[in-house]
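Following: one structure in structure tokens, then a few remarks.
The values are calculated or read from the model by the stated rules, or taken from the named source; none is laboratory data. Note that this is a predicted model, so its numbers are computed, not measured. Note: ideal-geometry Cβ built from the backbone for every residue, glycine included; neighbour counts use all protein chains shown.
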Amino acid sequence: MAVRALVYYPDDRLRKVGRKVQRVDDEVRRLLSDMAETMYAFRGIGLAAPQVGVNRRVIVVHAVQDEERGSSSLIGMVNPEIIEKSPEQEMAEEGCMSIPGVHADVLRSQRVVVEGLDADGNRVRIETDGLEARVFLHEIDHLNGVLFIDYLDSLTRDVLLKKYLEDTSRQVESKAPDQEA
Ligand SMILES: [Zn+2]
């Protein structure tokens, strides 16, 4: 396994639609394990392949990594698709490992059903809610070139991004992103 380099906003690779994986082979399994290691190294709670510069439909999610809050499990998924989204929505603060230091409230469905392939190529279906549902929605957006900042009103987005782009001292090491995806 290896920690891969992250791709940061405004890199064009974050705006591409990811290619579907044809076969879950060793290369895809290596990508999944590298992505998990990268997510943990940057203290993220989810990561999509475009964030490590790979234009494929692959995500990893580990929404709750705190034993006291009831840790969730690590989930790797290939070609994930949202099958159902609850009409009930919930507002919560989000961040992104590719836009470190920027956080804002985003309205998302409270529950989702997601289907895709696991690391062995088996079809899996996951029903989840709360933070884990939010992370799935955030990561699957990445596969379609969509970023959480796209949901903000233009004034909020402009102010946050202006600050982000001006912050030349912005280094991943100096500000360990937490709870970012
Ligand atoms: Zn993200």
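Results for (1) at pLDDT below 95; (2) over 28 Å from D34 (Cβ atoms); (3) within 14 Å of the ligand (Cβ to nearest atom), shown as yes or no for each residue.
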{"residue": "G70", "(1), (2), (3)": "yes, no, no"}
{"residue": "E88", "(1), (2), (3)": "no, yes, no"}
{"residue": "I99", "(1), (2), (3)": "no, no, yes"}
{"residue": "V102", "(1), (2), (3)": "no, no, yes"}
{"residue": "I140", "(1), (2), (3)": "no, no, yes"}
{"residue": "D158", "(1), (2), (3)": "no, yes, no"}
{"residue": "Q179", "(1), (2), (3)": "yes, no, yes"}
**Prompt:** Identify, please: which residue in segment 42-68 is farther than 16 Å from D12 by Cα and small (G, A, S) and is, among those, farthest from the ligand (Cβ to nearest atom)?
**Reply:** A63
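I'd like the full set of residues that are assigned to a helix (DSSP H, G or I) and charged (D, E, K, R), limited to segment 114-168.
Across segment 114-168, the qualifying residues are E132, R134, E139, D141, D150, R157, D158, K162, K163, E166.
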**Message:** Residue pairs, Cβ under 8 Å, 6 or more apart or interchain, first in segment 38-53 and over 12 Å from V3 (Cβ atoms) and touching a residue at least 60 places away in the same chain (Cβ under 8 Å), second near the ligand (Cβ under 9 Å from one of its atoms) and in a loop (DSSP other than H, G, I, E, B). List them.
**Reply:** I45/A181; G46/A181; Q51/M97; Q51/S98
**Asked** Pairs under 9 Å by beta carbon, first residue closer than 17 Å to Q89 by Cα and of a type in the set (D, E) in segment 134-147, partner near the ligand (Cβ under 9 Å from one of its atoms) and outside any helix (DSSP H, G or I), six or more apart or different chains?
**Response** D141/A48; D141/L147
**Request:** Determine, yes or no, whether V112 is buried (at least 17 other Cβ atoms within 10 Å of the Cβ) and more than 12 Å from the ligand (Cβ to nearest atom).
**Result:** yes
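Considering only residues that are assigned to a helix (DSSP H, G or I) and either polar (S, T, N, Q) or under 24 Å from L160 (Cβ atoms) (or both), which ones fall in segment 1-30?
D12, R13, L14, R15
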**Item:** Residue count for segment 36-49, restricted to those that are farther than 14 Å from P80 by Cα and in a helix (DSSP H, G or I)
**Value:** 6
**Asked** For S33, all conditions in the list (1) in a helix (DSSP H, G or I); (2) closer than 24 Å to Y164 by Cβ; (3) not acidic (D, E) hold save one; what is the number of the exception?
**Response** (2)
